[in-house]
Amino acid sequence: MHRVLGDRRAIMILLGPALLLYTLIMLVPMVWSLGYSFTKGNSIEGFKGNGLANFTRLLDDPAVHDALWFTLKYAVIVTAGQVIAGYLLALLYVFFLKKASALIRTLAFFPVILPTVAVGLLFQKLFQVAPQPGPVNSLLNAFGLESIDFFGSASSAFWVLIIMDIWRSMGFYAVLLFAGLVDIPDEVLESARLDGASGLRLIRHIVLPLSLPVLMSSLIFSVNGTLKVFDSVVALTNGGPGNGTTPLTLYMFQSSFTYSEYGYGSAIALLLTVVCLLVSLAVYRVSRRDNTES
Amino acid sequence: MPHRTIRARRLTIASAGVLSLAALVTACGGGGGGTSAAPKDFKYLSVTENTTTRTALTTLSTSTCKAENDALPLKVETIPQAQLDQKLQLLAGQDALPSMFAAGNAPALTKQLAKGGKVADLAMELERLGVLDQLEPAAVSTIKALYGGKLMALPYEYNIEGIFYNKKLFQENGIAVPGTWDELLVAADKLNAKGIQPFSASGAQGWPLTRLISGYLYRSLGPDALDKVDAGTAKLTDPAYVKAAEEIAALGKKGYFGKGVGSIDYDTAMNQFLTGKSGMFYMGSWALANIADPKQNKVGAENVGFMPFPAVKGGKGSIDQYPSNIGLAVTLGSKAFDKKTGAWVSCIAKNFGSTALKDHGTITGFKVNTPVKDSSEVAGTVRKTISSSQQNVLWFEALFSTKATTISNTSAPGLVNGSVSPQKFMETVQAALGSQ
């Protein structure tokens, strides 16, 4: 084995095809897209150089400001929501349900495998007000309250989106964190219990620090996924009402493929890449420091 | 193994690798679908939502236009309307536009294609084929108004727009057909007081709401109201323009569109009107097909009336200026327009009008060469109105860019549910107009 992995030619033969494919389908389009961000035009009229105009426009475009703010707000809330809900579920599996958790784990994981479009339609029906009130509005009516047009304003549509995405992803994080929790040695927990730690104290001082590495991994997963949210927004609100629930990804898609502004769309894509990079670096730094401390 | 053999084998492997990579790159490229050679079929790229045109063309292919179809078989492909613009751009970029295709969602895209020489000059082609006179002059003038004075589309539909109303509900509540905006408000008020939803409209689509804004603008400011915005001599943020948005927002504020108008889709809005749950429905004459269908229309075709958008007191517009359109426009590619395609187009021009009216109750911009009886009284009223109409106007987004059209449609529900002020609505659309 050492002979094979120590041979440069063997490494090239093993890695070469994958590296070539990766370069062709990932790196080349990325560099190409970067090139487009300095141009103006489309595939019909052709492209011509536009200097830094797309980037200066990014700074002045209120739609970009709104989309960036929405993206960050959504990423923070959904990340917090899905990791916390996932962690609580994992604790429930390990400390309360124990061996009887299989059914609950399966049920909580079920939304993860559902197609996003189906989940979007389900939540549209759940919260609809017209032509018939959905279950949520029917419940409000049963308590004598007026129906609410949840998709009529950006703020209420935002919260429906948040609930939907936390619901559909918490099962995944629960399984991920469950794997971290079952790795905590029983002896450590037992000795902590003998020292008098139980309930919340046990979780706060023993379980939480020992599951921190897997929690940080979940955070990195979650932040990167939520910053790039696209499908669930398209399925539930399509960015509306107005552009009230439009994240950067959707605005990039609209600019490029609906409004035929490929150069500007590429500039928005670059902005999103930079945001993802900065957030990932920040989370990585925090996780490295915490790992060292623990 | 001799050294030369090893080298030869390496060379062969390397050559095979290069060749396969070249094949991969070629396959990914867009050259494969070009139409430089004569077309082998009469390919029509249609939108999934429009079933009438492709069904009528299929009927022609097996009847009146069978000879043309034998020479160049009709082949229909469909795509959802929401993906049409992307598909057209992709095909145009690859020089692979089909013989005939649904034009983009906003005229701006077709104009762009024409600028690149990818759309046939239909005035010239139809003149050459001797069938230009088969198009109704009103339809030709609507197409020219949309496409910068050029005939870039075939009028497979020709629609006028106005307000369909429930005659029975009007009679029961003592409402006369409104002639002015103030009378319309009184009528809506009366219906609302009786617990009947005055208007049904689809906020999910958005355009049925913005059509009301342009209706008010054309009546208050005259038929050139939106041409001035296009020319840059007026802005949607001018007080007279914002006033139109305010009037429509006020209808929403009073609850005249019912609950959750933003979630109501086109079919639901149509269903509300045709089941007697609402008194009025602003729509185009394409709705006649639904009105004529007893499965959909539970109030009866005899109980449906049609009125023009009412006059605005002191306004410069007149109620006989009807908003008109050619439905989902269909245009022809310039590269694929050869002799056989010409024969197809010629046959369509002579026969489509009668076939569509007879089989689908659809009014088109082609002459009806074989007389067909109207399906209902309201259908007769609409046809008479079309033939007597002296001046036509367009709709709110007709001259907008794709971006402004999308923003206008997606922001309209906010305007009528109060989450976006009229001033802000107009500012947003005007900003989108200026940004491209």
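The values are calculated or read from the model by the stated rules, or taken from the named source; none is laboratory data. Bear in mind that the values here come from a model prediction, so they are computed numbers and not experimental data. We place every Cβ from the backbone using ideal geometry, glycine too, and count neighbours over all the protein chains shown. For accessibility, only protein heavy atoms count, side chains too; no ligands or nucleic acids. Shrake-Rupley method; radii C 1.70, N 1.55, O 1.52, S 1.80 Å.
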For the range B:106-121, pairs from a residue that is in a helix (DSSP H, G or I) to a residue that is open to solvent by 40 Å² or more (accessible area, probe 1.4 Å) and not polar (S, T, N, Q), with Cβ under 8 Å and 6 or more apart or across chains, are B:LYS111/B:GLY148; B:GLN112/A:GLU45; B:ALA114/B:LYS150; B:LYS115/A:GLU45
Considering the range A:148-168 alone, what residues qualify as being among the acidic types (Asp, Glu) and either within 14 Å of chain B (Cβ to nearest Cβ) or assigned to a loop (DSSP other than H, G, I, E, B) (or both)?
A:ASP149
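Could you say whether any residue in the range B:62-80 is assigned to a helix (DSSP H, G or I), within 21 Å of the chain's Cα centre (by Cα) and modelled with pLDDT under 95? I'd like the intermediate steps shown before the answer.
Applying the first criterion (assigned to a helix (DSSP H, G or I)) to the range B:62-80 yields B:62, B:66-71.
This time we only want the ones that are within 21 Å of the chain's Cα centre (by Cα), so: none.
For the range B:62-80, residues assigned to a helix (DSSP H, G or I), within 21 Å of the chain's Cα centre (by Cα) and modelled with pLDDT under 95: absent.
So if I check each of A:VAL223, A:VAL274, A:VAL229, which one is out of contact with any helix residue (DSSP H, G or I) (no Cβ under 7 Å at 6 or more places or on another chain), among the β-branched types (Val, Ile, Thr) and more than 14 Å from chain B (Cβ to nearest Cβ)? I'd like the intermediate steps shown before the answer.
Numbers: A:VAL223 fails: out of contact with any helix residue (DSSP H, G or I) (no Cβ under 7 Å at 6 or more places or on another chain); A:VAL229 fails: out of contact with any helix residue (DSSP H, G or I) (no Cβ under 7 Å at 6 or more places or on another chain).
Just a single option satisfies the conditions, and that option is A:VAL274.
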Odd one out for A:PHE230 among (1) more than 17 Å from the chain's Cα centre (by Cα); (2) aromatic (Phe, Trp, Tyr); (3) at pLDDT 90 or above
(1)
Can you tell me which condition A:GLY51 does not meet? The list is (1) farther than 23 Å from A:LEU271 by Cβ; (2) outside any helix (DSSP H, G or I); (3) modelled with pLDDT of 90 or more, and all the others hold.
(1)
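Conditions (1) under 30 Å from A:GLN254 (Cα atoms); (2) open to solvent by 10 Å² or more (accessible area, probe 1.4 Å); (3) hydroxyl-bearing (Ser, Thr, Tyr), marked per residue:
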site	(1), (2), (3)
B:ASP374	no, yes, no
B:SER387	no, yes, yes
B:GLN390	no, yes, no
B:PHE396	yes, no, no
B:ALA404	yes, no, no
B:ILE407	yes, yes, no
B:GLY414	yes, no, no
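Given the structure, is A:LEU145 more than 10 Å from every other protein chain (Cβ to nearest Cβ), open to solvent by 30 Å² or more (accessible area, probe 1.4 Å) and out of contact with any helix residue (DSSP H, G or I) (no Cβ under 7 Å at 6 or more places or on another chain)? Give the derivation first.
Details: more than 10 Å from every other protein chain (Cβ to nearest Cβ): yes; open to solvent by 30 Å² or more (accessible area, probe 1.4 Å): yes; out of contact with any helix residue (DSSP H, G or I) (no Cβ under 7 Å at 6 or more places or on another chain): yes.
Judged against the criteria, A:LEU145 is a match.
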Could you say whether any residue in the range B:262-277 is open to solvent by 10 Å² or more (accessible area, probe 1.4 Å), more than 14 Å from chain A (Cβ to nearest Cβ) and within 25 Å of the chain's Cα centre (by Cα)?
no
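Condition check ((1) within 14 Å of chain A (Cβ to nearest Cβ); (2) out of contact with any Asp or Glu (no Cβ under 8 Å at 6 or more places or on another chain); (3) part of a loop (DSSP other than H, G, I, E, B)) across all residues:
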{"position": "B:THR341", "(1), (2), (3)": "no, yes, no"}
{"position": "B:ASN351", "(1), (2), (3)": "no, yes, no"}
{"position": "B:LYS358", "(1), (2), (3)": "no, yes, no"}
{"position": "B:SER387", "(1), (2), (3)": "no, yes, no"}
{"position": "B:ALA398", "(1), (2), (3)": "no, yes, yes"}
{"position": "B:LYS424", "(1), (2), (3)": "yes, yes, no"}
{"position": "B:LEU433", "(1), (2), (3)": "yes, yes, no"}
Per the list (1) under 30 Å from A:ILE268 (Cα atoms); (2) crowded, with 20+ Cβ neighbours inside 10 Å, residue check on A:HIS65 breaks on (2)
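Could you grab me the full set of residues in the range A:188-215 that are assigned to a helix (DSSP H, G or I) and under 12 Å from A:TYR87 (Cα atoms)?
Within the range A:188-215, the first condition is being assigned to a helix (DSSP H, G or I), and the residues that meet it are A:188-194, A:199-210, A:212-215.
Those that are assigned to a helix (DSSP H, G or I) and under 12 Å from A:TYR87 (Cα atoms): A:ILE203, A:VAL207, A:LEU208, A:LEU212, A:VAL214, A:LEU215.
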Flagged in the range B:229-242 as open to solvent by 60 Å² or more (accessible area, probe 1.4 Å) and touching a residue at least 24 places away in the same chain (Cβ under 8 Å), in numbering order, are B:ASP230, B:LYS235
Between a residue in the range A:50-73 that is more than 12 Å from chain B (Cβ to nearest Cβ) and touching a residue at least 24 places away in the same chain (Cβ under 8 Å) and any residue that is open to solvent by 80 Å² or more (accessible area, probe 1.4 Å) and not in a loop (DSSP other than H, G, I, E, B), which pairs come within a Cβ distance under 7 Å, given they are 6 or more apart or on different chains?
A:ASN50/A:LYS40
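So which residues in the range B:63-86 are farther than 20 Å from B:PHE337 by Cβ and surrounded by fewer than 22 Cβ atoms within 10 Å (Cβ to Cβ), if there are any at all? Let's see the steps before the verdict.
Of the range B:63-86, the ones farther than 20 Å from B:PHE337 by Cβ are B:63-64, B:66, B:78-86.
B:SER63, B:THR64, B:LYS66, B:THR78, B:ILE79, B:PRO80, B:GLN81, B:ALA82, B:GLN83, B:ASP85, B:GLN86 - these are the residues of the range B:63-86 that are farther than 20 Å from B:PHE337 by Cβ and surrounded by fewer than 22 Cβ atoms within 10 Å (Cβ to Cβ).
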